[in-house]
Each structure stands twice: as C-alpha cells, then as structure tokens.
1. Using just the helices of the chain, give the 222 nm mean residue ellipticity in deg cm²/dmol: DSSP H runs with n ≥ 4 each add -39,500 (n - 2.57), and the total is spread over all residues, rounded to 500.
2. Kindly work out what percent of the DSSP beta bridges joining two residues of the chain are antiparallel, to the nearest 5.
3. What residues have an amide H closer than 5 Å to that of VAL465, excluding those fewer than 5 places away on the same chain, when H is modeled at 1.01 Å from N in the peptide plane?
4. Top to bottom by accessible area (1.4 Å), largest first, where do LEU467, LEU76 land?
5. Just how large is the dipole of the chain about the Cα centre, in debye to the nearest 20, putting +1 at every Lys and Arg Cβ and -1 at every Asp and Glu Cβ?
6. Where the centre of each part is set by its Cα atoms, how far does segment 133-174 sit from segment 281-353, in angstrom?
7. Read phi for every residue in segment 473-479 and hand back ³J(HN,Hα) as whole Hz from Karplus 6.51 cos²θ - 1.76 cosθ + 1.60, θ = phi - 60°, with x for Gly and Pro.
8. Among ILE369, TYR14, GLY168, which residue has its Cα positioned farthest towards the positive end of the charge dipole of the chain, with +1 placed on the Cβ of Lys and Arg, -1 on the Cβ of Asp and Glu, and the dipole taken about the Cα centre?
Amino acid sequence: MFTDQNLTLMTDLYQLTMMQGYYHYGKKDRTVVFDLFYRDNPFSAAFSIVAGLDQAIEYIQNLHFSPEDIAYLQSLNIFEADFLEYLKDFRFTGDIDAIPEGSIAFPREPLLRVKAPIIEAQLIETALLCIINHQSLIATKASRVVWAAKGDPVMEFGLRRAQGPDAGTLGARAAVIGGCIGTSNVLTAQLFDVAPKGTHSHSWVMSFDDELTAFRAYAELFPDMCILLVDTYDTLGSGVPNAIKVFQEMRDAGVSSKMYGIRLDSGDLAYLSMEARKMLDEAGFPDAIISASSDLDEYLIRDLKLQGAQISLWGVGTRLITAKDCPSFGGVYKLAAEDDGTGVMEPKIKLSDNAVKITNPGVKKIIRIYDKQTGYLRGDLIALEDEIFDESQPLEIFDPENTWKRMRFKPGTYTLRELLTPIFRGGKLVYSRPSVMEIQQYCKAEQATLRPESKRLVNAQTIPVDLSQSLYDLKQAMIQKFSAEE
Ligand SMILES: Nc1ncnc2c1ncn2[C@@H]1O[C@H](COP(=O)(O)OP(=O)(O)OP(=O)(O)O)[C@@H](O)[C@H]1O
Ligand SMILES: O=P(O)(O)OC[C@H]1O[C@H](OP(=O)(O)OP(=O)(O)O)[C@H](O)[C@@H]1O
Ligand SMILES: O=C(O)c1cccnc1
C-alpha cells in the first residue's frame, strides 16, 4: 500500500466525526492553521532528519472520497446524508508549507504548516503524522548509523524484519535519505531510483555439496558484485580460505572484479575481520572488501571500530528499519490559528501544566541562523510569519524557558535562512519534488552544518531553538489571558 493510492479513509474516525460536526454547524470553511511538530528528538539525539514529504504530497494529491468510500461511511449510519453528498467533491484546496526532506530539524519547529478550511485540515492530520513520523524516525536513525560508520558505506538490509511492507519499503527510502548507499529492498530501489545492494545468504552455501563449489558458482555468475558469505561453517577455517581460493581462480582466469570480498554475519566481528584482513592481504587481495552484518546499529559499529575491526562495508537491518531503541517519532499536529471571521488569523494556544507542552500560537516561520565564517548552524528562531529579520542588523535571541540565556550576533557574522517552503497553494502543488538521491545529497550538506559535538551518539550538544520576541510576548500574553479566565 503506497501513498499514490487513495488513502482518504486512512484516518482516525474522530477526524470524520469532527468533519461532520464542522459541516453540520456551518463552520467547515473557516480557515485554520495547523502545525505539525515534535517535542523531543528520538534516540536522545540533538537533531532529527525530516523525511516523508514526498509521500505526504502524493497523499494530498490523491485525497478524495471514492463512491466505495462514501458507501462505506454511509453503512456506518453515523453520518448525515448532506455531509456524505458533500464528500463526493471533497478535495484539498489549502496551502501547505514544509521543511524540505533531508533537512535538520529541532523540537517544536513546524515541520509542516497547513492553512486550509478546517474540514480539510482536520482530515489530513492522521495520515500526515503517520507518514512524516515514520520516515523522519528512520532517516534520523540512518544518519546516526552512517555517522558511526565514519565514511564507510552502509547498506540497508531490514525489509524482512520491518513492521510490514510499507515500513520496509518507505523505511528503506528514508534510510537512503539518511545516508545509506542503497538497500537490499528491490522495490524501494525501483520505486525511488536508488541502488539495489546485496550479497548472498547461507542457504546459497547450504544448497551446494560444499562451500567452495557454492562460492565458485556465485563468482562465475556475479564477478562484479562478488561478496561471499564466509560464516556458514567455519569462518577462518574454511570460509575465508575458500573465498581466497575463488578470488585466486578469478585472477588466474583474468577476471577483474569491480567489487569482491567477504561478508561476516556472526561471531566476534572485530576479531574475525582482523584475522580475515590478514589472510586476504597475505594472499594478495588487499582490495578485497570485508563487510559485516549481524544485528548492528550505530553503537556496535562505533564499538567495533574502536576495537580495530577491519570492516569497510556495513549491512544494517533490524535495528535500523525498526528504530529498535526508539520506536516512535512523537510528531503532533496542533491548531495554531483560526480566521476570526474577518480574514484575520487569530492565534490559538493549547495550555498545559507541563510548560513544554504549551503550544506556540500564531502563524509562524522558522529562521535558521548560521555562522557566516564557518557555515555552522548556531540556532533556530521560531518567529511570526510577518516578522522581518535583516542580516545587516544585530540579532539577539534568547531561550524562552530561561530568558537570561542570550546569544548576540553582530552584522556580518551571521546569515539567515527561512526553512518553511511553499508546497501547495490553493490545493495546487507548487513545489518541484527532488529525487531521493538529491535529497540524500542535500541531507549530507545539512549534516555538515552541525558541529561534531551535536552529532555525538550520547550527550550530544543541543542547539538553541528560541522564540522571537514578538512570538514570546504573544505566547505569554495568551497564557496570562487564559490562566486568568480559569
Ligand atoms: N567484537 C564485538 N564487539 C561487540 N559486539 C559484537 C562483536 N562482534 C559481534 N558483536 C555483536 O554481538 C551480537 C552477536 O550476537 P550473538 O553472539 O548472539 O550472535 P552471532 O555471533 O551473530 O551468532 P549466531 O548468528 O550464530 O547466533 C551481534 O549484535 C553482533 O553485532
Ligand atoms: O542482522 P540485521 O541487521 O537484521 O541484518 C539483516 C540480517 O538478515 C540476514 O539474516 P537472516 O538470518 O535473516 O538470513 P540469512 O540466512 O541470509 O543469514 C542477514 O544475514 C543479516 O544478518
Ligand atoms: O544481501 C544481503 O547480504 C542481505 C540482504 C538482506 C538481509 N541480509 C543480508
């Protein structure tokens, strides 16, 4: 199931009952603004990578109630006839702005901003969250795995252990956005024009009378992607020696391979890789690749490197595709403003006893601040949409929780960039959709704007996300007003 199909009923029932309510009470066309944002980075990271926008676009473009959908809703006997009639011509007619896929993002920033009639904006909450939450989670996890691999290529191998076909296929897409060089999932490779990657399995070896014959047969068929799995019987006793025999036979026969080597899939990967490296080097195959898989993640890869593992190609499955140590991305979708009836967008706020759960009111934008000299990201500012920031002026930002914590930037020392990009205007797509490999390149450049301290796997240095003075003042005034009304 993919987002180029009609997924209109892929929503929570309450969105439809509320739509019926907006219709019934004559407020369906009231314009509102919703923000899609999250409150905490997954994996205790200092940032997240946003992904899934392209599927969100397809979802919006295909949004309509088919005759079957309407017949089904009618069969529930909870919707009024005129509302069901209205649904026949339902389409998304609003505006969407979003942070481009592959971007670095931080908590509380609107990743996506929907401005639309309330009846439309309400319906799409669930699907947008489902799509963006999942891919952002996997892209972020992948960026960590790739970071731990320190420049070694990482292949995504998780399909068989993903939480279903969509998670496996779109998760692999997100993994490539996060930096994986390719995926074993051929459907992902086909759909998104990314590299299919792979070796062979134990069953291949076991299906032959002996390991050497299995290796020879594979090498003959696939000399240019000849990564032999050496751990079926005895990694150092037979696997590596048999692989070396086959590499020698290829060389003797004048077969030059673009890519050859071994894969380790069990045992002590550090020890086995170091021993295998020695054996391959001594046999005259210093360019033979040693790849590894076996329940790997960013921590194990880092650890294996610290142990001196001689692995230069990584296959990462289960723990990446399932984001095993943090299985959800926690994005939410909250009302930020509503037309007051005269065309003016009135800010809305959700209060909470928990300060971080109080929403930021109003129609907002995100301004990213870079150090002009180093290009490093210094902080983000969430501001009201009509605010103007001028790089030729000094800029001061402050922590909204601890307002004495301030950062000051002199003119000439910083540059600004607005993150939210127009995607839909009046229901029409106005965004040119980049390819997954273009998004991967952009994501790499994005990550280069972070200092290494912010990419650490544990205790990463956080980056300030502040509110502009105007937004801060508005928020405080609204908190006071609603607290006083209680
Ligand atoms: N040198 C190492 N240091 C830390 N972790 C390692 C090292 N070598 C392997 N590992 C990890 O330890 C775990 C190995 O688990 P385990 O011993 O249960 O299985 P295995 O060696 O893969 O064997 P099998 O597949 O036969 O069950 C994997 O997550 C693997 O990545
Ligand atoms: O360990 P992961 O990170 O999840 O990577 C994917 C795993 O899937 C395969 O194992 P599996 O036992 O399913 O099949 P095999 O017989 O090919 O080893 C492969 O050998 C990896 O170990
Ligand atoms: O090609 C591989 O080596 C592979 C593919 C899927 C899962 N594990 C390994």
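The values are calculated or read from the model by the stated rules, or taken from the named source; none is laboratory data. These figures come from a predicted structure and were not determined experimentally. As a convention, Cβ positions derive from the backbone with ideal geometry for all residues, glycine included, and neighbour counts pool all protein chains shown. Protein only, heavy atoms only, side chains kept; ligands, DNA and RNA dropped before computing areas. Shrake-Rupley method; radii C 1.70, N 1.55, O 1.52, S 1.80 Å.
1. -11000 deg cm²/dmol
2. On the way: 43 of 62 bridges.
Of the beta bridges lying entirely in the chain, close to 70 percent run antiparallel.
3. ASP380
4. Numbers: LEU467 10, LEU76 60 Å².
Of LEU467, LEU76, the descending order of accessible area is LEU76, LEU467.
5. Numbers: 50 positive and 66 negative charges, 211 e Å.
Rounded to the nearest 20 debye, it is 1020 debye.
6. Cα centroid to Cα centroid, the span is 7 Å.
7. After applying 6.51 cos²θ - 1.76 cosθ + 1.60, I find 5, 4, 4, 4, 4, 6, 4 Hz.
8. Of the listed residues, the answer is ILE369.
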